[in-house]
1. I'd like the full set of residues that are over 30 Å from A:Ile243 (Cβ atoms), in a loop (DSSP other than H, G, I, E, B) and not aliphatic (A, V, I, L, M), limited to segment B:178-234.
2. Give A:Glu234, A:Glu204, A:Glu179, A:Glu221 a once-over and let me know the one that is acidic (Asp, Glu) and without any contact (Cβ under 8 Å) to a residue 40 or more places away in the chain.
3. Can you pull out the residues in segment B:99-113 that are farther than 24 Å from B:Cys193 by Cβ and not small (Gly, Ala, Ser)?
4. Could you go through segment B:163-170 and let me know if any residue there is surrounded by 17 or more Cβ atoms within 10 Å (Cβ to Cβ) and within 14 Å of another protein chain (Cβ to nearest Cβ).
5. Within segment B:66-117, restricting attention to residues that are more than 23 Å from A:Ala246 (Cβ to Cβ) and among the aromatic types (Phe, Trp, Tyr), which residue is nearest to the other protein chains (Cβ to nearest Cβ)?
6. Touching a strand residue (DSSP E or B) at 6+ places or on another chain (Cβ under 7 Å), open to solvent by 40 Å² or more (accessible area, probe 1.4 Å) and in contact (Cβ under 8 Å) with a residue 40 or more places away in the chain: which single residue out of A:Glu241, A:Glu316 fits that description?
7. If I ask for residues that are in a strand (DSSP E or B) and crowded, with 24+ Cβ neighbours inside 10 Å, which ones from segment A:253-277 would you list?
Protein chains: 2
Amino acid sequence: MKFVTLADGSPDGRLHIVSQDGRRAIAADTARTLQQALETWADNASQWHTQYAALEAGSLAGAIDLDPAEALSPLPRAWQWLDGSAFETHAFLIQKAWGHPEVGLNERPLMYQGMSDRFLAPTAAALFPSADDGIDFEGEYGVILDAVPMGTKAKDAAQYIRLIVLINDWSLRAIGPTEMATGFGWLHCKPACAMAPFAVTPDELGDAWRDCRVCLPLQVERNGVAFGRTNGDEMKFGFDELIAHAAYSRDLPAGTIIGSGTVSNKDYESVGSSCIAEKRAIETIAQGAGNTPFMQHGDTVVMRVEMDSGDSLFGEIAQSVQIVT
Amino acid sequence: MKFVTLADGSPDGRLHIVSQDGRRAIAADTARTLQQALETWADNASQWHTQYAALEAGSLAGAIDLDPAEALSPLPRAWQWLDGSAFETHAFLIQKAWGHPEVGLNERPLMYQGMSDRFLAPTAAALFPSADDGIDFEGEYGVILDAVPMGTKAKDAAQYIRLIVLINDWSLRAIGPTEMATGFGWLHCKPACAMAPFAVTPDELGDAWRDCRVCLPLQVERNGVAFGRTNGDEMKFGFDELIAHAAYSRDLPAGTIIGSGTVSNKDYESVGSSCIAEKRAIETIAQGAGNTPFMQHGDTVVMRVEMDSGDSLFGEIAQSVQIVT
């Protein structure tokens, strides 16, 4: 199944079920919002599946043509957003460029609690206070969960994964080292993320959902030029392991979103990167300094994942940067 | 005004206005929940004030005797919880005990994003996975905000402070250094906090609300024995400065909670501490090791703030620790 949340003037929008090609949609039965759907999934998923099948068959009264400009983030706000950093190549490149010991990722996943009161719409402008802060996008995958009890182990965690999403995790890199040095983690550095419009059930990925990893290339364009095409298959920790990590000392509420961190591949020379910081790290290792500029006012980023069918699995993130002075 | 949220089977509870002595309450007009109240404050506060005055005068039909066991956290869940660390004595003691350079707090406040999907009820047991994790309480003050625009400066921030609360920020100290070393900040180390039952408007503090600081002693008892009586007046950064810090690169939604961090005083030898970690730091400095144990299964902590009138300003946090195996 594919879900989309359309603007209706309310903070959480109106949940719709969307056709596989992303062109037609129908208001979801029994749940006004995706949060409500997640809280009642066991009781209602079969009903949504019936709607989805009828939509695909073209036989559903009340279906509308989907206007991507009406799409909000699937969860316009969430009770919890926990972002991992699960790609070892990314860690190695950043460590090497900054002259840190190359320890990669140890046995303990890296994860921080991010702001979750707002996820920007896929085509919303991203507003920042200053172009001097090193404005960067980060393409990553995420999962949206049902409620997970404290102490859940990785082997039992996959059952709680309800939906998969594509996320643009905006980051202010110039502030990052200062905030990391405090030990308190990121705050200024991590303003609101955006999500691509469609949240999809794992079965929509077919064989590309393997070992709780999204084994598909995440296409990133900056200012209309290809920037990266990194595959999610090289996660050192699968989402099942990230969920178990997140749930060590807390229950996770339905609607918790867990992120993979910047998607990154060993073969970065041919597939590129999904954030500017990593590209600058590669340049720094090769030539002593990064020369790819961070984002400036008016710069744009597009992210999508195309299936072999040509369909865009998650729809498209297409944002521009605006400096608010 | 004083507000309390009473259990009614819903996740956000039912908002009530409570008498100054904490004994009588009336369901709030026009807002079922505190979150709704915060989102409609400008329109409705005068109505709640009328209810509060009538309750104080003893003339309000429908008022009930308040049963503290029915009280939830004022916000049982919130869209955002940003916890500062604004007491320099606490920073110095921890730094000195751990052998770090004593830099205190620099010009940039320390703040992390904490879990906000659940705040424990004032008398709820606190559940943890292991007694080996260094289970600690932290007594601190917090403010609950109206919506704050990105870029708000400290001089303009006080106007957004709607309510003041007393918070027990549970912490797992044994995990802290590991999580701080990653630069990603705390996750396992910071499970759900609890709040005292009453959220109060700043005018309830009278002269004790000065320079956006809560200038009152926070009384902490562990297992029925006095542990600390630290005053909030020594915050290096006032809540106005903490709000400005929080809002640098994000809008803050109504219902955002900002914490002061562990309340701590220069005169710790006579007033004690509001967390075990600080007491152990003092012991480590004096005698080479901390000997106050962290919390074990069945241990209890009580927090309150008594006014000169004898009234308990925020009501009481009274929790026990339970290890879930």
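1. B:Pro197, B:Phe198, B:Thr201, B:Asp211, B:Cys212, B:Cys215, B:Asn223, B:Gly224
2. Working: A:Glu234 fails: without any contact (Cβ under 8 Å) to a residue 40 or more places away in the chain; A:Glu204 fails: without any contact (Cβ under 8 Å) to a residue 40 or more places away in the chain; A:Glu221 fails: without any contact (Cβ under 8 Å) to a residue 40 or more places away in the chain.
One residue alone meets the criteria, A:Glu179.
3. Those that are farther than 24 Å from B:Cys193 by Cβ and not small (Gly, Ala, Ser): B:His100, B:Pro101, B:Glu102, B:Val103, B:Asn106, B:Glu107.
4. So far as segment B:163-170 goes, yes, one or more of its residues are surrounded by 17 or more Cβ atoms within 10 Å (Cβ to Cβ) and within 14 Å of another protein chain (Cβ to nearest Cβ).
5. Step one: list which residues in segment B:66-117 are more than 23 Å from A:Ala246 (Cβ to Cβ), which gives B:66-72, B:74, B:84-110.
Adding the requirement that they be among the aromatic types (Phe, Trp, Tyr) leaves B:87, B:92, B:98.
Working: B:Phe87: 14, B:Phe92: 15, B:Trp98: 11 Å.
Going through the qualifying residues, I end up with B:Trp98.
6. Result of the check over A:Glu241, A:Glu316: A:Glu316.
7. Scanning segment A:253-277 gives A:Ile257, A:Ile258, A:Gly259, A:Cys275.
This table checks each residue for (1) in contact with a strand residue (DSSP E or B) (Cβ under 9 Å, 6 or more places away or on another chain); (2) open to solvent by less than 20 Å² (accessible area, probe 1.4 Å); (3) among the small types (Gly, Ala, Ser); (4) over 15 Å from B:Thr182 (Cα atoms).
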{"residue": "A:Leu66", "(1), (2), (3), (4)": "yes, no, no, yes"}
{"residue": "A:Ala69", "(1), (2), (3), (4)": "no, no, yes, yes"}
{"residue": "A:Arg77", "(1), (2), (3), (4)": "no, no, no, yes"}
{"residue": "A:Ala86", "(1), (2), (3), (4)": "yes, yes, yes, no"}
{"residue": "A:Ile94", "(1), (2), (3), (4)": "no, no, no, no"}
{"residue": "A:Ala97", "(1), (2), (3), (4)": "no, no, yes, yes"}
{"residue": "A:Val103", "(1), (2), (3), (4)": "no, no, no, no"}
{"residue": "A:Tyr112", "(1), (2), (3), (4)": "yes, yes, no, no"}
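The values are calculated or read from the model by the stated rules, or taken from the named source; none is laboratory data. All figures in this text were calculated on a predicted structure; none of them were measured in a lab. Backbone-built Cβ (ideal geometry, glycine too); neighbour counts: all protein chains shown. Please note that ligands, DNA and RNA were not included when accessible areas were found on the heavy atoms of the full protein model with its side chains. Shrake-Rupley method; radii C 1.70, N 1.55, O 1.52, S 1.80 Å.
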